Amino acid sequence: MLDFSLSEEHEDFRKVLKEFSDRELLPNYLANSATTEFPFATLKKMGDLGVLGIGFPERFGGTGEDDPVLLGLATETLAYGDVNLASAPIQVGLVGAQLLHGSDEVQQAYLPRVIAGEINLAIALTEPGSGSDASALRTTATRVPGGWRLSGEKTAISWALSATAALVYAREPGSSRSKGVSCFLVDLASEGVSVRHMRGMGCLVLGWGSINLDSVFVPDSHLVGEEGRGFQVAMNKFDFSRAALGLMCLGAAQQSLEEAAVYATQRETFGKPLSEYQGVTFPLAEHATYVEGARWVCYRALWLRGEGKSHTSLASMGKWWGPLVAKEAIEASMKIFGNLGYSAEFPLQQRFRDVMAYLTADGTAEIQKTIISREIIARGTVSL
Ligand SMILES: Cc1cc2nc3c(=O)[nH]c(=O)nc-3n(C[C@H](O)[C@H](O)[C@H](O)COP(=O)(O)OP(=O)(O)OC[C@H]3O[C@@H](n4cnc5c(N)ncnc54)[C@H](O)[C@@H]3O)c2cc1C
């Protein structure tokens, strides 16, 4: 039986987050987006709401039960207010899921604090010579007594400026492709680490940057997962984040369309409100339709994950289509606002620039389409 309704528990959580989003995030979105100073006080409030601990064991301050749909709902709802800070639950979900493969020492030291919203952690996979082709990474991890020494450069890393530590993927010298890659939790205050800001067209508050590692010592206890199998663990986790990132962008798009719908009733041209012209309202209707379609692709992927069923294709569909649909919906909303849509005083242009990040971050559209088409060809059918 088909049932698209949210549970009472989901609906209640959504209401709490929407109220938080309207009260705390939306009024501060432009100010927070204009700085690399990370608003830890706001992150702490998100931690207090439980939004950073979805699916994590209660002993670390998490909600206990794995619930990918709830994570999607959370990020979508927070993105109405601030699409940048809305990525925090996804980031914690990704980093935290990998830390659960780490030593007790690492779990105890980092999981409670990241779930409480006290610290940020980054994921450092991309390098100057390897992005889509992530397994071509060159950073090395050389065995030394008591641990490893890591050397290499990671680039385009979100949260680099505000993170306390980063999950760093590095290979055994002489290994190739995905074999021999391990994952390490590297304290960014360690000797030999230098972080440099990279200025993007949006997402300033996410502190995008490069992380240089010059023979950085990492103790045995900071290996995350099995030695030589770090790559497999990382790739498996991206499935849920792809659908959730789609929803996050769509949340920003929904807010933009709603702002445009209100504005269309207020602004008059030629003696009538804009809402009287189909040239204005039809784009609203069209983009609302695309947004709704893309939302359900993402939610179905997350629901399948929660059921323990295959969802890789759908997650990739949500990842390439969600941000694209969102970007176009925001652009259409900007158009309805006329000159004000271009104004830096209004959030629309900021959302447009922030959402653009997810056309590339966490895997480009071309990589998602490669994953989807590979599955279609292997199955011999497009039906999922
Ligand atoms: C805002 C932002 C935040 C990011 N945050 C992080 C982060 O926190 N951690 C991290 O590790 N990385 C992060 N990244 C890096 C991101 O994951 C990579 O940029 C992305 O995977 C693409 O890699 P690339 O930039 O090297 O492009 P390339 O891999 O060089 O690709 C360039 C172009 O070629 C296309 N292309 C490549 N191969 C193929 C192919 N086989 N078929 C068809 N087309 C292809 C790509 O789709 C793209 O359009 C972030 C990037 C951005 C923009």
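Taking the range 157-257 as the region of interest, the strands (runs of 3 or more DSSP E) fully inside it that hold 3 or more residues being open to solvent by 20 Å² or more (accessible area, probe 1.4 Å) are 193-197, 209-219. Flag: K179 does not match the condition of being outside the structural domain of L94 (by TED's automatic domain parsing), basic (K, R) and either closer than 30 Å to T42 by Cβ or free of Cβ contacts under 8 Å to residues at least 40 places away in the same chain (or both). Would you be able to say whether some residue in the range 364-376 is open to solvent by less than 70 Å² (accessible area, probe 1.4 Å), touching a residue at least 60 places away in the same chain (Cβ under 8 Å), farther than 14 Å from S313 by Cβ and within 15 Å of the ligand (Cβ to nearest atom)? Scanning the range 364-376 turns up at least one residue that is open to solvent by less than 70 Å² (accessible area, probe 1.4 Å), touching a residue at least 60 places away in the same chain (Cβ under 8 Å), farther than 14 Å from S313 by Cβ and within 15 Å of the ligand (Cβ to nearest atom). Pairs meeting the criteria (first residue in the range 183-206 and on the phi > 0 side of the Ramachandran plot, second residue open to solvent by less than 20 Å² (accessible area, probe 1.4 Å) and part of a strand (DSSP E or B), beta carbons under 8 Å, at least 6 apart or on different chains) are G192/L213; G192/V216.
Applying the condition of being β-branched (V, I, T) and free of Cβ contacts under 8 Å to residues at least 40 places away in the same chain to the range 128-142 and asking which residue is nearest to the ligand (Cβ to nearest atom) yields T140. Among the conditions (1) open to solvent by less than 40 Å² (accessible area, probe 1.4 Å); (2) more than 16 Å from the ligand (Cβ to nearest atom); (3) at pLDDT 95 or above, P145 misses just one, which is (1). Report yes if T360 is more than 28 Å from T35 (Cβ to Cβ) and either among the polar types (S, T, N, Q) or away from the ligand (no atom under 13 Å from the Cβ) (or both), otherwise no. Against the criterion (more than 28 Å from T35 (Cβ to Cβ) and either among the polar types (S, T, N, Q) or away from the ligand (no atom under 13 Å from the Cβ) (or both)), T360 does not qualify. Out of (1) out of contact with any Ser or Thr (no Cβ under 8 Å at 6 or more places or on another chain); (2) not assigned by TED's automatic domain parsing to the domain that holds R199, the odd one out for L94 is which? So L94 meets the others, but not (1).
Of the helices (runs of 4 or more DSSP H) lying entirely inside the range 273-360, the ones with 2 or more residues being out of contact with any strand residue (DSSP E or B) (no Cβ under 9 Å at 6 or more places or on another chain) and buried (at least 23 other Cβ atoms within 10 Å of the Cβ) are found at 278-306, 312-336, 347-356. The set of residues in the range 148-160 that are aliphatic (A, V, I, L, M) and within 15 Å of A357 (Cβ to Cβ) comprises A156, I157, A160. Here E58 meets the list (1) without any contact (Cβ under 8 Å) to a residue 24 or more places away in the chain; (2) closer than 19 Å to R242 by Cα almost entirely, failing just condition (2).
Of the residues making up the range 110-123, one or more are within 10 Å of the ligand (Cβ to nearest atom) and of a type in the set (A, V, I, L, M). In this entry, V95 is excluded by the filter for residues that are surrounded by fewer than 24 Cβ atoms within 10 Å (Cβ to Cβ) and either over 16 Å from M46 (Cα atoms) or of a type in the set (F, W, Y) (or both). Looking only at residues in the range 87-127 that are free of Cβ contacts under 8 Å to residues at least 60 places away in the same chain and assigned to a loop (DSSP other than H, G, I, E, B), the one that is nearest to L17 (Cα to Cα) is I119.
The values are calculated or read from the model by the stated rules, or taken from the named source; none is laboratory data. Remember, predicted model here, so these are calculated numbers, not experimental data. Neighbour counts run over all protein chains shown; Cβ positions are idealised from the backbone, glycine included. Ligands, DNA and RNA are stripped out before the accessible areas are found, and what is left, the full protein with its side chains, is counted by its heavy atoms. Shrake-Rupley method; radii C 1.70, N 1.55, O 1.52, S 1.80 Å.
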